[in-house]
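The values are calculated or read from the model by the stated rules, or taken from the named source; none is laboratory data. Computed from a predicted structure; not experimentally measured. Ideal geometry is used to build each Cβ from the backbone, glycine not excepted, and the neighbour counts take in all protein chains shown. Each accessible area value is taken on the protein alone, full model and side chains, heavy atoms only, with ligands, DNA and RNA left out. Shrake-Rupley method; radii C 1.70, N 1.55, O 1.52, S 1.80 Å.
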Amino acid sequence: MAMQIEKTFQVKEPVEQVWSLLSDPRRVATCVPGVKITEQVDEKTYKGTISVKVGPSVTDYNGELEIVRLDTEKHEIELVGKGQDVRGRGSASMKLTTKLRSLEDGGTEVASVSEVNVVGILAQMGSRVISEVSNIIFGKFTKNFQAQLEHPAESPAAEAQPISAVSLAWATAKGAFHRDS
């Protein structure tokens, strides 16, 4: 299942401060629920894990992230990631392009476009659920990203908690119910 997901948010910090965080995959990874970077292969390649809790079991994905393009002048970064379920029940790949834009009030707009391809157990949820789940994850990410900008020395706990697909699916279902009523 292939999807394109576009997200934009604004922060009050200046573009250079936001770029410093955004261009550091280790710091950004601490903002994404369930993600942990385990190894830096070279200056552009990282290995890591993502954990997704489905019911009582946790599904772990091992993956690799590569910085394909890093344009410091334009404040643009392009990443390509791919991962495989450690039990062979699926895989995922992503191409993410993020651009920063200075705002008149001194803040920064962060705009991203993700091309995501999911195969296996997560793809069975369907595009509507995956889209809603991505909205919930994005919300948590932006909150953590803002916290990192405000307090860079106080990074989140090193042990990434798994993303709970059941609680995300429940929140998604509640969101769909409230929109339809």
Exercise for the section: Could you please state, rounded to a whole Å, how far the C-alpha centre of the stretch 23-40 is from the C-alpha centre of the stretch 107-125? Expected result: 16
Completion exercise
Accessible-area order for D85, D24, largest to smallest, probe 1.4 angstrom, reads D24, D85
Practice task
At a Cα cut-off below 23 Å, give the lysines reachable from K140, other chains included and same-chain residues fewer than 8 away excluded.
Solution key: K7, K12, K36, K47, K53, K82, K95, K99, K174
Practice task
For V68, V110, V129, write out the residues from largest to smallest accessible area, computed with a 1.4 angstrom probe and no ligands counted.
Solution key: V68, V129, V110
Problem - Shape call, the stretch 7-82: gyration tensor on alpha carbons, a/c limit 1.5 - result: oblate
Practice task
Using a 10 Å cut-off on Cβ atoms, rank the peptides 30-36, 2-8 from the highest mean neighbour count down.
Solution key: 30-36, 2-8
Handout entry: Contour minus Cα-Cα distance for K12 and E104 (0.36 nm per residue)
Key = 32.1 nm
Completion exercise
Heavy-atom accessible area with a 1.4 angstrom probe orders S20, S114, most exposed first, as S20, S114
Practice task
Run the accessible area of the stretch 29-141 with a 1.4 Å probe and give the carbon-and-sulfur part as a rounded percent.
Solution key: 52
